[in-house]
Amino acid sequence: MTCRTQLPEWQNLAQHAQRLKKQRIADLFEDSSRFDAFSRPMPFGLYDFSKTLLDQPALEALLALARKAGVEGERARMLAGEPFNATEQRAVQHMALRAAADRHPHALGQPVQPQIDAELGKMEQFSDQVRQGRWRGYSGKQITDVVAIGIGGSNLGPQMVCEALASYAEGPALHFVSNVDGVQISRTLAALDPQTTLFVVSSKTFTTRETMANAATARRWLVAHGGEAAVAQHFVAVTSAVDKARAMGISPDNIFAMWDWVGGRFSLWSAIGLPIALYLGMPIFRQILAGARVADEHFTDAPLEQNVPVLMALLGVWHINFLGMPTHAILPYDQALKYLPAYLQQAEMESNGKSVTRTGNPVAYDTGAIVWGQLGIDGQHAFYQLLHQGTHEVALDFIGSAVPVAAPEGHHEQLLANMFAQTQALMNGCDVDAVRKDLLARGYNLDAVEQLVPHKVHRGNRGSCTFLLDKITPASLGSLVALYEHKIFVQGVLWDVCSFDQWGVELGKQLIAGLEQQLTGTEPPQGQDSSTTGLINYYRKLSHSKA
Ligand SMILES: O=P(O)(O)OC[C@H]1O[C@H](O)[C@H](O)[C@@H](O)[C@@H]1O
């Protein structure tokens with residue numbers, strides 16, 4: 001495969017970028033059809049990318065790159081269950097988890113639908129039992145609280161979804177524990193009754209140290225109150241390493257399977273979603289899957305120029321590689337989407353934060369966006385100053401919903417007005433003349449006006465995309481998440497990187513055991529750099545003086 005930067009399509013895009021950098025986005029709106037040309041219906045909503053520095057020739061050049069990179073062929077390979085995760089020789093079949101009955105997905109030649117159906121059935125049975133009070137704890141009481149223990153892909157998806165759809169909740173109270181910092185599990189357990197608490201230990205590998213430490217602490221707490229026999233009624237596991245879960249004393253009946261053809265950060269649709277089913281009920285979980293399926297069908301069937309995740313991916317490449325904007329902020333204007341930025345941060349950065357191509361050659365261009373963000377309305381009072389007047393340009397996704405889930409009179413309009421106002425202010429800015437006029441009208445004297453003008457000018461021309469969902473529902477949420485998943489896939493193809501492995505997280509993990517030993521040891525630390533030695537010694541001095 002030719003290096004991307006040597007493709008005529010890539011070079012053509014560089015020329016378009018040079019041309020457009022002299023252009024103002026606001027001026028592109030002189031074309032009265034701009035909104036129609038640069039927005040698309042998306043499942044359960046509308047995607048507006050008209051407020052970006054893009055015109056029709058540049059958009060066509062981006063689509064040409066997508067064709068040249070073979071997005072459609074690669075999509076077919078992934079869907080066919082080929083070893084698309086090449087460095088681990090695994091299929092990539094998270095779409096199978098929500099596939100229509102007639103799709104018959106395969107992974108490496110093996111049908112996967114029977115396993116998926118069986119696990120969904122098991123989730124249904126178990127979550128119904130717990131929610132209906134038929135599943136009893138060791139003293140015969142119903143379950144009132146579920147503690148979901150897991151980290152990364154085994155935490156972020158369920159936590160994001162449960163927060164988003166909390167208004168549908170009518171099951172047991174739900175608590176998430178991910179951090180090995182003992183404060184989190186201690187505080188969680190302190191407020192709970194062991195007789196009525198169920199633990200869901202989620203870990204694809206069942207080796208993740210943070211999760212294993214938290215599970216062990218929870219287990220000790222339970223056993224101290226209810227004895228060893230209580231584990232069977234109070235612990236369930238979700239994992240692809242069934243043997244390891246059994247070794248923790250969890251009964252095979254209480255182990256929910258996942259598979260190596262589902263990446264952790266794409267796994268909320270599998271039994272990793274068990275906390276969702278317990279909290280919201282299986283019918284809601286199935287609606288989430290159904291919404292994602294609508295997005296999958298859009299992704300697989302819509303032509304590239306109408307295909308929202310393809311357009312999202314292309315815009316990302318445009319911003320990063322041609323307009324020099326390496327960071328991407330996710331700005332939800334809906335309280336429900338509070339944890340979406342954190343969720344997408346893992347999904348995107350762990351997938352496409354790579355610096356070699358699929359054949360192992362160094363890339364000659366930037367990959368994976370640096371994803372960050374938080375609820376937009378809070379961000380306005382925190383970091384938007386930099387978005388409006390800072391030296392960095394940031395790619396921005398504003399996400400709101402037309403119909404609120406619940407809002408006292410006037411709140412939702414105010415929220416949406418804020419979102420639209422920000423996108424306008426960023427794009428239009430406020431030039432010297434407008435600032436001067438405003439200050440004079442406010443009665444400032446001429447000297448003060450001239451001093452203040454440079455500080456108050458907003459140069460504008462800062463683009464953004466807006467996702468306007470009809471309403472946050474289980475289906476629309478499932479669809480939105482699936483659209484971002486597909487964006488990640490397309491970007492991986494455009495950048496020619498392996499999006500479905502994460503070797504970069506391993507090295508740090510390997511060093512932990514040795515360091516743990518040295519922290520607790522008394523011999524002078526061996527084999528460390530002087531920085532780490534100094535830190536260990538400082539820690540030891542304090543921890544010994546505490547003792
Ligand atoms: O589900 P687990 O095996 O416990 O893994 C939890 C997480 O930890 C790893 O370090 C990876 O970076 C993530 O991709 C994964 O989701």
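Taking Cα pairs under 8 Å and at least six residues apart, what relative contact order does the range 94-287 come out at, in percent?
After rounding, I find 29 percent.
Taking the chain as the reference, fit the longest principal axis to its C-alpha atoms, fit the long axis of helix 530-546 to the helix C-alpha atoms, and give the angle between the two in degrees, 0 to 90, nearest 10.
The answer is roughly 50 degrees.
So who's got an amide H within less than 5 Å of the one on L469, skipping anything under 5 residues away but keeping other chains? H placed 1.01 Å off N, in plane.
L46, G400, S401, A402
What are the aspartates and glutamates whose alpha-carbon lies under 16 Å from the alpha-carbon of K541, with same-chain residues fewer than 8 places away excluded?
E516, E523
Just list whichever of K22/K487; K51/K471; K141/K338 have alpha carbons separated by over 30 Å in the model shown.
Table pairs above 30 Å Cα-Cα are K141/K338.
Report, largest value first, the span of the C-alpha coordinates of the range 94-287 along each principal axis, in whole Å.
The Cα atoms of the range 94-287 stretch 48, 32, 28 Å along their principal axes.
Treating only the Cβ atoms of Lys and Arg (+1) and Asp and Glu (-1) as charged, compute the dipole magnitude of the chain about its Cα centre; round to the nearest 20 debye.
880
Give a residue-ordered list of calculated ³J(HN,Hα) values for the range 167-182 (Karplus: 6.51 cos²θ - 1.76 cosθ + 1.60, θ = phi - 60°; whole Hz; x for Gly, Pro).
Those phi angles translate into 5, 8, 6, 8, x, x, 5, 10, 10, 10, 10, 10, 7, 7, 4, x Hz.
Hey, fewest Cβ within 10 Å first, where do L344, L7, L268 land in order?
With the fewest neighbours first, L344, L7, L268 line up as L7, L344, L268.
For the chain, just list the percent of Cα-Cα distances falling in each 10 Å bin from zero outward, please.
For the chain, the pair-distance distribution reads 3, 16, 25, 24, 18, 10, 4, 1, 0.
Along the range 301-307, what does the Karplus equation 6.51 cos²θ - 1.76 cosθ + 1.60 (θ = phi - 60°) give for ³J(HN,Hα), rounded to whole Hz, x for Gly and Pro?
Taking θ as phi minus 60°, the curve returns 9, 6, x, 3, 6, 9, 8 Hz for the range 301-307.
Name the long-range amide H neighbours of G373: under 5 Å, sequence gap of 5 or more, or other chain; modelled H, no Pro or chain starts.
The list, which skips near neighbours in sequence, is I330.
Quick one: compute the contact order of the range 8-145, relative version, from alpha carbon pairs under 8 angstrom and 6+ residues apart, as a percent. Mind showing how you got there, number by number?
Working: 113 pairs, mean separation 18.5, N = 138.
Reported as a whole number, the value is 13 percent.
Karplus couplings for the range 394-411 from phi (6.51 cos²θ - 1.76 cosθ + 1.60, θ = phi - 60°), rounded to Hz, Gly and Pro as x?
Values, residue by residue: 10, 6, 10, 10, 8, 10, x, 10, 6, 10, x, 5, 7, 7, x, 3, x, 5 Hz.
Taking other Cβ within 10 Å of each residue's Cβ, how do L108, L280 sort, fewest first?
L108, L280
Name the lysines eligible as straight-distance cross-link partners of K437: C-alpha to C-alpha under 23 Å, and not fewer than 8 places from it in the same chain.
Hits, sequence-local ones excluded: K456.
Around S39, which amide H atoms from residues at least 5 apart in sequence, or from another chain, sit under 5 Å from its own amide H, with H modelled in the peptide plane?
F49
Every read-out reported here was derived from the displayed coordinates using simple, explicitly stated rules and does not represent laboratory data. Everything quoted here is computed from the prediction, not taken from an experiment. Positions of Cβ are backbone-derived with ideal geometry, glycine not excepted, and every protein chain shown enters the neighbour counts.
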